[in-house]
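The values are calculated or read from the model by the stated rules, or taken from the named source; none is laboratory data. This structure is a prediction, so every number in the text was calculated from the model and none was measured. Don't worry about glycine lacking a Cβ; one is built from the backbone with ideal geometry, like all the others, and counts go over all protein chains shown.
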Amino acid sequence: MNIRRATLADIPSMMHLDRHSPAAAHWTQEQYRQAFQHEGPDRLLLVAESSSGILGFLVALHLAPEWELENIVVAPTSRREGIGKRLLNTLLAAANETNSSAVFLEVRDSNAAAQTFYEEAGFNHTGRRKSYYTDPAEDAVLYRLTLN
Ligand SMILES: CC(C)(COP(=O)(O)OP(=O)(O)OC[C@H]1O[C@@H](n2cnc3c(N)ncnc32)[C@H](O)[C@@H]1OP(=O)(O)O)[C@@H](O)C(=O)NCCC(=O)NCCS
(Lines give C-alpha, C1' and ligand atoms only; values in the text may rest on other atoms or scores of the structure.)
Protein backbone atom coordinates (compact mmCIF):
# COMPACT_ATOMS: atom_id res chain seq x y z
CA MET A 1 0.00 0.00 0.00
CA ASN A 2 1.37 3.33 -1.09
CA ILE A 3 0.41 6.86 -0.01
CA ARG A 4 0.85 9.35 -2.83
CA ARG A 5 -0.38 12.74 -3.99
CA ALA A 6 -3.75 12.50 -5.73
CA THR A 7 -4.14 13.55 -9.36
CA LEU A 8 -7.20 14.69 -11.34
CA ALA A 9 -7.46 11.12 -12.68
CA ASP A 10 -8.21 9.94 -9.10
CA ILE A 11 -11.40 12.04 -8.79
CA PRO A 12 -13.77 9.20 -9.88
CA SER A 13 -12.23 6.85 -7.28
CA MET A 14 -12.40 9.54 -4.58
CA MET A 15 -16.05 10.23 -5.40
CA HIS A 16 -16.82 6.51 -5.39
CA LEU A 17 -15.34 6.22 -1.88
CA ASP A 18 -17.16 9.27 -0.50
CA ARG A 19 -20.50 8.12 -2.01
CA HIS A 20 -20.14 4.77 -0.22
CA SER A 21 -19.35 6.40 3.15
CA PRO A 22 -22.47 8.12 4.52
CA ALA A 23 -20.42 9.68 7.34
CA ALA A 24 -17.92 11.32 4.98
CA ALA A 25 -18.15 14.83 3.54
CA HIS A 26 -19.73 14.59 0.07
CA TRP A 27 -18.28 16.83 -2.59
CA THR A 28 -19.40 17.32 -6.17
CA GLN A 29 -17.04 16.62 -9.05
CA GLU A 30 -16.66 20.38 -9.44
CA GLN A 31 -15.63 20.77 -5.80
CA TYR A 32 -12.96 18.10 -6.24
CA ARG A 33 -11.74 19.78 -9.43
CA GLN A 34 -11.52 23.13 -7.63
CA ALA A 35 -9.58 21.52 -4.78
CA PHE A 36 -6.90 20.50 -7.28
CA GLN A 37 -6.59 24.09 -8.48
CA HIS A 38 -5.33 24.99 -5.00
CA GLU A 39 -3.08 21.98 -4.72
CA GLY A 40 0.51 22.63 -3.74
CA PRO A 41 1.27 24.75 -0.72
CA ASP A 42 -2.44 25.36 0.06
CA ARG A 43 -4.00 21.95 -0.40
CA LEU A 44 -2.91 18.44 0.36
CA LEU A 45 -4.73 15.72 -1.59
CA LEU A 46 -3.56 12.19 -0.86
CA VAL A 47 -4.66 8.74 -1.93
CA ALA A 48 -3.84 5.33 -0.48
CA GLU A 49 -3.29 2.94 -3.36
CA SER A 50 -2.84 -0.82 -3.45
CA SER A 51 -2.57 -3.23 -6.37
CA SER A 52 -6.38 -3.48 -6.25
CA GLY A 53 -6.93 0.28 -6.56
CA ILE A 54 -7.58 3.38 -4.42
CA LEU A 55 -8.49 2.35 -0.86
CA GLY A 56 -8.66 5.75 0.79
CA PHE A 57 -8.03 9.47 0.47
CA LEU A 58 -7.46 12.62 2.50
CA VAL A 59 -8.07 16.28 1.67
CA ALA A 60 -6.67 19.08 3.83
CA LEU A 61 -6.44 22.85 3.48
CA HIS A 62 -3.49 24.92 4.68
CA LEU A 63 -4.78 28.00 6.51
CA ALA A 64 -1.39 29.07 7.84
CA PRO A 65 -0.40 28.60 10.58
CA GLU A 66 -2.97 25.79 10.80
CA TRP A 67 -4.32 22.96 8.67
CA GLU A 68 -7.97 21.97 8.32
CA LEU A 69 -8.60 18.28 7.68
CA GLU A 70 -11.54 18.53 5.27
CA ASN A 71 -12.17 14.86 4.56
CA ILE A 72 -10.70 11.45 5.12
CA VAL A 73 -12.28 8.24 3.85
CA VAL A 74 -11.17 4.62 3.80
CA ALA A 75 -13.08 1.97 1.82
CA PRO A 76 -15.49 0.12 4.15
CA THR A 77 -13.83 -3.25 3.43
CA SER A 78 -10.35 -1.88 4.22
CA ARG A 79 -11.01 -0.20 7.57
CA ARG A 80 -9.08 -1.00 10.76
CA GLU A 81 -5.99 -1.86 8.74
CA GLY A 82 -4.09 1.32 9.57
CA ILE A 83 -4.77 3.10 6.25
CA GLY A 84 -6.51 6.07 7.87
CA LYS A 85 -3.64 6.43 10.32
CA ARG A 86 -1.07 6.43 7.49
CA LEU A 87 -3.02 9.11 5.61
CA LEU A 88 -3.35 11.22 8.78
CA ASN A 89 0.35 10.78 9.62
CA THR A 90 1.25 12.06 6.15
CA LEU A 91 -0.81 15.20 6.83
CA LEU A 92 0.86 15.59 10.25
CA ALA A 93 4.29 15.33 8.59
CA ALA A 94 3.27 18.09 6.13
CA ALA A 95 2.01 20.19 9.05
CA ASN A 96 5.34 19.80 10.83
CA GLU A 97 7.27 20.63 7.66
CA THR A 98 5.26 23.86 7.32
CA ASN A 99 5.89 24.74 11.02
CA SER A 100 2.15 24.67 11.63
CA SER A 101 0.65 25.17 15.06
CA ALA A 102 -2.40 22.90 14.81
CA VAL A 103 -4.63 20.63 12.75
CA PHE A 104 -8.37 21.03 13.25
CA LEU A 105 -11.56 19.43 11.92
CA GLU A 106 -15.24 18.88 12.55
CA VAL A 107 -17.12 15.62 12.59
CA ARG A 108 -20.76 14.55 12.89
CA ASP A 109 -21.90 13.99 16.47
CA SER A 110 -23.04 10.44 15.60
CA ASN A 111 -19.73 9.48 13.95
CA ALA A 112 -18.28 7.58 16.91
CA ALA A 113 -15.75 5.66 14.77
CA ALA A 114 -14.13 8.81 13.43
CA GLN A 115 -14.16 10.46 16.86
CA THR A 116 -12.32 7.47 18.37
CA PHE A 117 -9.92 7.54 15.41
CA TYR A 118 -9.08 11.23 16.05
CA GLU A 119 -8.84 10.79 19.82
CA GLU A 120 -6.46 7.85 19.37
CA ALA A 121 -4.33 10.13 17.18
CA GLY A 122 -4.12 12.70 20.01
CA PHE A 123 -6.81 15.19 18.94
CA ASN A 124 -8.71 17.03 21.68
CA HIS A 125 -12.42 17.76 21.67
CA THR A 126 -12.61 21.59 21.61
CA GLY A 127 -16.28 22.41 21.09
CA ARG A 128 -19.51 21.83 19.26
CA ARG A 129 -21.55 23.65 16.59
CA LYS A 130 -25.29 23.22 17.05
CA SER A 131 -27.16 21.78 14.01
CA TYR A 132 -24.14 22.44 11.80
CA TYR A 133 -24.91 19.58 9.41
CA THR A 134 -27.97 19.00 7.24
CA ASP A 135 -29.43 15.78 5.76
CA PRO A 136 -29.80 14.83 8.57
CA ALA A 137 -29.49 17.86 10.84
CA GLU A 138 -26.83 17.19 13.41
CA ASP A 139 -24.30 18.93 15.65
CA ALA A 140 -20.66 19.12 14.61
CA VAL A 141 -18.05 18.09 17.16
CA LEU A 142 -14.82 20.09 16.86
CA TYR A 143 -11.37 18.56 17.30
CA ARG A 144 -7.90 20.07 17.38
CA LEU A 145 -4.39 18.69 17.59
CA THR A 146 -1.88 21.25 18.79
CA LEU A 147 1.60 20.79 17.32
CA ASN A 148 5.03 21.72 18.79
C1 LIG B 1 -12.45 7.32 10.21
C2 LIG B 1 -11.76 6.42 9.19
C3 LIG B 1 -11.10 7.27 8.10
C4 LIG B 1 -10.64 5.61 9.91
O5 LIG B 1 -9.90 4.89 8.95
P6 LIG B 1 -9.26 3.45 9.27
O7 LIG B 1 -8.28 3.15 8.18
O8 LIG B 1 -10.33 2.46 9.50
O9 LIG B 1 -8.49 3.74 10.64
P10 LIG B 1 -7.21 2.97 11.22
O11 LIG B 1 -7.25 1.53 10.84
O12 LIG B 1 -5.97 3.73 10.83
O13 LIG B 1 -7.47 3.13 12.77
C14 LIG B 1 -6.53 3.71 13.67
C15 LIG B 1 -7.13 3.64 15.07
O16 LIG B 1 -8.31 4.47 15.15
C17 LIG B 1 -9.28 3.83 16.00
N18 LIG B 1 -10.45 3.45 15.21
C19 LIG B 1 -10.60 3.50 13.87
N20 LIG B 1 -11.84 3.08 13.50
C21 LIG B 1 -12.47 2.76 14.63
C22 LIG B 1 -13.77 2.25 14.91
N23 LIG B 1 -14.66 1.98 13.93
N24 LIG B 1 -14.10 2.02 16.20
C25 LIG B 1 -13.24 2.26 17.19
N26 LIG B 1 -11.95 2.74 16.99
C27 LIG B 1 -11.60 2.98 15.72
C28 LIG B 1 -8.60 2.59 16.55
O29 LIG B 1 -7.92 2.97 17.75
C30 LIG B 1 -7.62 2.26 15.45
O31 LIG B 1 -6.52 1.48 15.89
P32 LIG B 1 -6.71 -0.14 16.02
O33 LIG B 1 -7.42 -0.63 14.81
O34 LIG B 1 -5.30 -0.61 16.15
O35 LIG B 1 -7.54 -0.34 17.27
C36 LIG B 1 -12.75 5.39 8.56
O37 LIG B 1 -13.50 4.78 9.60
C38 LIG B 1 -13.74 6.00 7.56
O39 LIG B 1 -13.45 6.10 6.37
N40 LIG B 1 -14.94 6.37 8.04
C41 LIG B 1 -16.00 6.89 7.15
C42 LIG B 1 -15.68 8.30 6.69
C43 LIG B 1 -15.55 9.24 7.86
O44 LIG B 1 -16.30 9.17 8.83
N45 LIG B 1 -14.57 10.16 7.75
C46 LIG B 1 -14.35 11.16 8.77
C47 LIG B 1 -15.16 12.39 8.41
S48 LIG B 1 -14.85 13.68 9.61
Would you confirm whether or not the range 34-43 contains a residue that is surrounded by 19 or more Cβ atoms within 10 Å (Cβ to Cβ) and modelled with pLDDT under 95? yes
Of all the residues that make up the range 1-15, how many are within 13 Å of the ligand (Cβ to nearest atom) and part of a helix (DSSP H, G or I)? 1
Within the range 117-135, is there a residue that is surrounded by 13 or more Cβ atoms within 10 Å (Cβ to Cβ), over 19 Å from Met1 (Cβ atoms) and either among the hydrophobic types (A, V, I, L, M, F, W, C) or in contact (Cβ under 8 Å) with a residue 60 or more places away in the chain (or both)? yes
With the requirement that a residue be surrounded by fewer than 17 Cβ atoms within 10 Å (Cβ to Cβ) and not basic (Lys, Arg), what does the range 79-91 give you? Glu81, Gly82, Asn89
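Going residue by residue through the range 30-38, is there one that turns out to be near the ligand (Cβ under 9 Å from one of its atoms), touching a residue at least 24 places away in the same chain (Cβ under 8 Å) and touching a strand residue (DSSP E or B) at 6+ places or on another chain (Cβ under 8 Å)? Please lay out each step first, then the result.
Going through the range 30-38, the residues near the ligand (Cβ under 9 Å from one of its atoms) turn out to be none.
No; the residues of the range 30-38 include none that is near the ligand (Cβ under 9 Å from one of its atoms), touching a residue at least 24 places away in the same chain (Cβ under 8 Å) and touching a strand residue (DSSP E or B) at 6+ places or on another chain (Cβ under 8 Å).
Does Ser78 satisfy the condition of being touching a residue at least 12 places away in the same chain (Cβ under 8 Å) and over 23 Å from Tyr32 (Cβ atoms)? Let's see the steps before the verdict.
On the way: touching a residue at least 12 places away in the same chain (Cβ under 8 Å): yes; over 23 Å from Tyr32 (Cβ atoms): no.
No.
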Flagged in the range 16-33 as buried (at least 17 other Cβ atoms within 10 Å of the Cβ) and in a helix (DSSP H, G or I), in numbering order, are Leu17, Asp18, Tyr32
